[in-house]
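Only one structure is covered here, and it is reproduced in the block below.
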Amino acid sequence: MNSTVRQPERTCVGCGAKRPQRVMLRVAALEGDAPKVDLEYCLPGRGAYLCRMKSCLERALARRAMERSLKLKTSVGAGLTAELEQQLI
Ligand SMILES: [Zn+2]
């Protein structure tokens with residue numbers, strides 16, 4: 001039996017690196033709703049993934065990568081940015 005559990009990999013919208021989903025932050029956006037940090041990886045809607053690093057958050061914000069990935073009509077607000085910053089390591 002194969003003992004290694006295959007982990008889904010996700011691409012960071014900041015740096016473009018692929019990492020196991022569990023080490024990344026997920027931001028979820030349902031159409032018509034404000035995007036949220038999805039710590040349990042279970043919210044419905046589109047998801048954007050980010051390494052837990054300030055440089056990745058900054059790059060994603062500068063490139064509007066989350067907005068593009070989540071197809072947001074407005075930019076990621078200060079509230080969400082602050083929530084993401086709390087999750088950085
Ligand atoms: Zn990254």
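Only the coordinates and a few stated rules stand behind these numbers; no lab work does. Please read these numbers as outputs of a predicted model, since none were measured by experiment. Glycine also receives a Cβ, built like all others from the backbone with ideal geometry; neighbour counts cover every protein chain displayed.
So, counting K/R as plus one and D/E as minus one, what does the shell of residues with Cβ under 13 Å around S75 add up to?
Taking every Cβ under 13 Å from that of S75, the sum is +4.
One quarter of the convex hull surface, Cα atoms only: what value does that give for the stretch 9-75 in nm²?
4.0 nm²
Among the lysines, which fall within straight-line cross-link reach of K18, defined as a Cα-Cα distance under 21 Å, with same-chain neighbours fewer than 8 residues apart omitted?
K54, K71
Summing +1 for each Lys or Arg and -1 for each Asp or Glu, what net charge is found among the other residues whose Cβ lies under 13 Å from the Cβ of D33?
That works out to +2.
Quick check: net charge around Y49, other residues with Cβ under 9 Å of its Cβ, Lys/Arg +1 and Asp/Glu -1?
Result for the neighbourhood of Y49: +3.
Provide the gained length on full extension for the span I89 to V37, in nm with one decimal, where the gain is 0.36 nm per separating residue minus the Cα-Cα distance.
17.2 nm
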